[in-house]
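Input: a single structure, listed below in structure tokens.
The values are calculated or read from the model by the stated rules, or taken from the named source; none is laboratory data. The shown structure was predicted, so the numbers you read here are calculated from the model rather than taken from an experiment. So basically every Cβ, Gly included, is an ideal-geometry build from the backbone, and we count neighbours across all protein chains shown. Accessible surface areas use protein heavy atoms only, side chains included; no ligands, DNA or RNA. Shrake-Rupley method; radii C 1.70, N 1.55, O 1.52, S 1.80 Å.
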Amino acid sequence: MPGMGERSLLAGSLIVVVAASGFGLLGPLARFAYDAGFDPFSFVAWRAMFGLIVVGLVIRWRLTRGGRLVDPRNLPRADQLGLIAVSLAGLGLNVAMFFAFGLAPIALVLLAFYLYPAFVAVAAVALGHERLDGARVVALGLALGGMILVVAGGLAPGTGATINPVGIGLGVLAAAFQTVFVTVSRGRFATVPAEQATGWILVVTALACLALALVTGGHPGAAFGGPEPFALAAVAGILAAGIPSILFLVGIRTIGGTRAGILMLFEPLVGVTLAAILLHEGLVPIQVVGGAAILGAAILLQRSAQPGERIEPLGVPSAERS
């Protein structure tokens, strides 16, 4: 019979895998939503609003159990700026990813996004938070080489696997925004509970994308165009945003940041598999090798990170993840 520690490890691991699987739904859901009449700004806005409902329920539950509501206006100036910075980074990440999903194969976008552990490692070394040891050099080489193979697979003649440079570029831009998110959130607004910080980030994303949709001639009313678009927005916000974010927080507190960060690599695997099954998007062999190198680099960076230096995926701010 497994002991209590083993059961907790198994349960926590399953929780993180479920969270990663939820996030992995986003690419295919975005494609279906665009076919149903959404534009990227409107879809991101609706996803954030539905996700906010889930986070709001969790905040309310925490308050009934003795938690406290933190007013951002009472935070130190540096923490206020940090919360603003991660909110804008979360906004940029969502916009870049969802536009990328509409331009390039989902698998390639996800692989480009998962360059972010390498970007975080470079930022940490540049800021003097970590040292550039052998493991990090190998991991950075793997990430760079893997991305070269992914791109080369789309350029090779006769493969039928073309790439859209703008879509891939947006995936890399999303990785850059994620790097800002992780780097800033590590040292700021630690007194703000994770679900409350996540709530503010979702508020910024929802309002900004709604305004951008209106200004650019988008279709925020597409959600009321029938049961299908409304259901897609609800599923994206609840099952692929709000619930996975909360589950990821629970998983982090159960099995720790390193294990959870590695298990979150299930996200691109789920996204790639669903894209292949539902959208008939596949990778050529050289891109599979490149993708394996990128994900291998992420694992190596996680395992080589010191406590407090975890390279964690986006879900809830790092201050509440360990």
Worksheet item: Using a 1.4 angstrom probe and counting only protein chains, how large is the accessible area of Arg62 in Å², to 10?
Response: 80 Å²
Practice prompt. Could you grab the relative contact order for the stretch 76-179? Cα pairs under 8 Å, six or more apart, rounded to a whole percent.
Written response: 50 percent
Discussion item. Compute a Gaussian network model of the chain, connecting alpha carbons closer than 10 Å, and tell me which residue from Ala89, Ala208, Ala121 fluctuates the most.
Written reply: Ala208
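Tell me, what is the percent relative contact order of the stretch 21-136, built from C-alpha pairs under 8 Å that lie six or more residues apart? Could you put the intermediate results ahead of the total?
Numbers: 33 pairs, mean separation 37.6, N = 116.
The value is 32 percent.
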Practice prompt. Quick one: pull the percent of accessible area on the chain belonging to carbon and sulfur, 1.4 Å probe, ligands and nucleic acids left out.
Written response: 70 percent
Worksheet item: Between Val137 and Ala234, what FRET efficiency comes out of the Förster formula 1/(1 + (r/R0)^6) with R0 = 51 Å and r the beta carbon distance, rounded to 0.05?
Response: 0.70
Worksheet entry | the chain, relative contact order in percent, only Cα pairs under 8 angstrom and at least six apart counted | 40 percent
Discussion item. Between Leu214 and Arg60, what's the calculated FRET efficiency when r is the beta-carbon distance and R0 is 22 Å? Round to 0.05.
Written reply: 0.15
Practice prompt. Using the heavy atoms of the protein chains and a 1.4 angstrom probe, tell me the accessible area per residue for the chain in square angstrom.
Written response: 43 Å²
Practice prompt. Add +1 for every Lys or Arg and -1 for every Asp or Glu among the other residues with Cβ under 15 Å from the Cβ of Gly22, and state the total.
Written response: 0
Fill in: Cβ-Cβ FRET estimate between Ala152 and Ala292, R0 fixed at 25 Å, reported to 0.05
0.95
Practice prompt. Would you kindly find the accessible area of Arg186, with a 1.4 Å probe and non-protein molecules such as ligands, DNA and RNA excluded, rounding to the nearest 10 Å²?
Written response: 70 Å²
Worksheet entry | Solvent-accessible surface (1.4 angstrom probe) belonging to Phe43, in square angstrom, nearest 10 | 0 Å²
Worksheet item: Sorted by accessible area (1.4 Å probe), largest first, how do Trp200, Trp61 line up?
Response: Trp61, Trp200
Worksheet item: Just Val272, Val250, Val166 to compare: in a GNM of the chain, with alpha carbon springs under 10 Å, which one fluctuates most?
Response: Val166
Practice prompt. For Ala190 paired with Ile277, estimate the spin-label separation in nm (one decimal), with each label point 7 Å from Cα along the Cα-to-Cβ line.
Written response: 4.3 nm
